[in-house]
Amino acid sequence: MTPEVVVVGQIARDLVLRVADAPAAGTAAAVRSRDEVLGGKGANQAVGVAQLGVPVALLAVVGDDRAGHDLLAHAAADGIDVSRSVVREHARSALIVNVVDDHGQWRYLEDIPDDVLVTEDDVLAAAGLLRGASSVVLQLQQPAATVRTAARIAREGGARVVLDGVPADEDLLACADILRADAHEAEIFTGQPVGNVAEGVKAGVMLLAHGLDLAVLEVAGHGNVFVSRAGYEFLPHDDADVVDTTGAGDALVATLTCALTRGQELRTAARAAVAAAASTTEHAGGRPRLNPGILESRKQP
Ligand SMILES: Nc1ncnc2c1ncn2[C@@H]1O[C@H](COP(=O)(O)OP(=O)(O)O)[C@@H](O)[C@H]1O
Ligand SMILES: [Mg+2]
């Protein structure tokens, strides 16, 4: 099956530990629950797309260790095409430890070796995959040259190009259709705080000036603003019981991409996307638990 969506990004072992309170230096905390799952932002996005029933491929890099082979096997079992993912010789697979406390605060310990980043050569080797996709999601914690080349190839193939994170430079936006960033990432890139809707709209309009069709920005603590040429819409957080926000942005990106790929209007797609994000905050860890019904059930009020 030709993948409709291709995700380029990180894959990692994800170890999620829940504690009542994170220990201060020189003290210990009992771990209340422990999950070891397929993780990394690229993989989490691909899992979300697969859960929504849209054929998806992941271009990511693991090491040639046992963990790496296990990660690819898990992704394949999740329904993700990993045939173009890379097993890098002599590399160590990435590991992320997420310590989540009872106050919904996370702390990440990240071991992401440089040689498990996706290289430009990895992208060139998978050019046919990118050209054949309807949408390509680029998770921006990858080298600038990798992302630039992937965006160019995807665009040449006519794919919708979706960016998640902090772009390396403004030129990248000219090769993309959508940028989604959390409030911190949006501030890093635009130099403007995004603490209220007006600031979010201002940052979004700045981003659109570089050639995007849509900017989706988190307004810290409040919700997400969708800024397009037709105007903007702010969707506030509703009353989710937040356990851990990890992966909520990835679920948002996955769902927005699937909804638009399946021809939904932006208004409908945006509602499905924030609902998916909210559902992902309700459990610890970044692996989403999306219900395919979310693509159909979010009718406009
Ligand atoms: N109370 C809440 N209800 C719903 N969504 C929330 C809430 N708090 C945070 N979020 C969402 O969590 C997401 C976090 O995004 P991000 O920082 O990119 O996470 P990640 O990169 O781990 O996926 C944002 O889209 C934000 O709107
Ligand atoms: Mg994010």
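The values are calculated or read from the model by the stated rules, or taken from the named source; none is laboratory data. On a predicted model such as this, the values are computed, not experimentally measured, just so you know. Positions of Cβ are generated from backbone atoms using ideal geometry, with glycine treated the same way; all protein chains shown enter the neighbour counts.
Some values worked out for this structure:
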{"read-out": "Filtered residues of segment 178-208 (kept if among the basic types (K, R) and within 15 Å of ligand 1 (Cβ to nearest atom))", "value": "R180"}
{"read-out": "Of residues in segment 189-202 being modelled with pLDDT of 95 or more and within 16 Å of ligand 2 (Cβ to nearest atom), the one surrounded by the fewest Cβ atoms within 10 Å (Cβ to Cβ)", "value": "V194"}
{"read-out": "Pick from segment 152-177, criterion part of a strand (DSSP E or B) and crowded, with 23+ Cβ neighbours inside 10 Å, ranking: farthest from ligand 1 (Cβ to nearest atom)", "value": "V161"}
{"read-out": "Which listed residue is at pLDDT 95 or above and either acidic (D, E) or more than 13 Å from the chain's Cα centre (by Cα) (or both), from A278, A273, A251, A240", "value": "A278"}
{"read-out": "Single match in V49, V56, V87, V62 (criterion: surrounded by 14 or more Cβ atoms within 10 Å (Cβ to Cβ) and within 16 Å of ligand 1 (Cβ to nearest atom))", "value": "V49"}
{"read-out": "Which listed residue, of R267, R271, R262, R289, is within 12 Å of G48 (Cβ to Cβ), away from ligand 2 (no atom under 14 Å from the Cβ) and of a type in the set (K, R)", "value": "R289"}
{"read-out": "Filter pass, G285 being in a loop (DSSP other than H, G, I, E, B) and within 14 Å of the chain's Cα centre (by Cα)", "value": "yes"}
{"read-out": "Cβ-Cβ under 7 Å pairs, at least 6 apart or on other chains, segment 164-176 side closer than 15 Å to A215 by Cβ and in contact (Cβ under 8 Å) with a residue 24 or more places away in the chain, far side among the aromatic types (F, W, Y) and loosely packed, with under 13 Cβ neighbours inside 10 Å", "value": "none"}
{"read-out": "Residues of segment 222-238 that turn out to be in a loop (DSSP other than H, G, I, E, B) and touching a Gly at 6+ places or on another chain (Cβ under 6 Å), as a count", "value": "1"}
{"read-out": "Exclusive hit being without any contact (Cβ under 8 Å) to a residue 40 or more places away in the chain and surrounded by fewer than 16 Cβ atoms within 10 Å (Cβ to Cβ), set A259, A230, A269", "value": "A230"}
